[in-house]
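Accompanying notes for the structure given below.
Just so it is clear, none of the values below were taken in a lab; they were calculated from the coordinates. Predicted model, so just to flag it, every value in this text is computed and none were measured. Note that each Cβ is placed from the backbone with ideal geometry, even for glycine, and that neighbours are counted across all protein chains shown.
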Amino acid sequence: MNWQIKEFNQLTTKELYEILKVRAEVFVVEQQCIFQDLDSKDEVSYHLFLEDHSEIVAYLRILPPNISYSEVAIGRVLTKAEHRKKGISKKLVQNAINFVTDRLGEQAIRISAQAYLLKFYNDLGFEPVSEVYLEDGIEHIEMLYRK
């Protein structure tokens, strides 16, 4: 398995296709959430993913400040169902935190987390900064990481 982080224009056509495919698989099909996934934010984001034989098994995007929030944001966090409960999700988010703080030199990361993942993100250093709210029919909570 191979971790990669790329800017949008560095992604191959195949990688972009696989990213969009896995996002639809998890967010639209598995979670039965109808929403506009293609929001033009991908073009300014970093894309962090884990590949296993050309299949993307874990993914997230890192958005620069002032795109979604005044801070850097992490979004579209996913791990394919058959790869969950193996510690991959934790490594995925930790790799993102390390990239943001070490490579980008940013001190804060804001996320809109699905509420059932509060403990998962809290264990990685994120603190809740909002009440629970509905986004696309799913309970979410805004969380903030500070280095």
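Quick notes on this structure:
- Of the residues making up the stretch 37-61, just one is in contact with a Ser or Thr (Cβ under 8 Å, 6 or more places away or on another chain), free of Cβ contacts under 8 Å to residues at least 40 places away in the same chain and among the hydrophobic types (A, V, I, L, M, F, W, C), namely A58.
- Restricting the stretch 59-80 to residues that are outside any loop (DSSP other than H, G, I, E, B) and over 12 Å from R23 (Cα atoms), the residue that is nearest to the chain's Cα centre (by Cα): I74
- Applying a threshold of 6 Å to beta carbon distances and a minimum spacing of six or more residues, or different chains, the list of pairs starting in the stretch 72-92 at a residue that is under 11 Å from V57 (Cα atoms) and ending at one that is assigned to a helix (DSSP H, G or I) and aliphatic (A, V, I, L, M) reads L78/V26; T79/I88.
- Filter pass, I109 being under 17 Å from R76 (Cβ atoms), touching a Leu at 6+ places or on another chain (Cβ under 8 Å), hydrophobic (A, V, I, L, M, F, W, C) and assigned to a helix (DSSP H, G or I): no
- Single unsatisfied condition, Q36 versus (1) surrounded by 14 or more Cβ atoms within 10 Å (Cβ to Cβ); (2) assigned to a loop (DSSP other than H, G, I, E, B); (3) not β-branched (V, I, T): (1)
- Odd one out for T12, checked against (1) touching a residue at least 12 places away in the same chain (Cβ under 8 Å); (2) out of contact with any Pro (no Cβ under 7 Å at 6 or more places or on another chain); (3) over 21 Å from Y121 (Cα atoms): (1)
- G105 being at positive phi and exposed (fewer than 13 other Cβ atoms within 10 Å of the Cβ): yes
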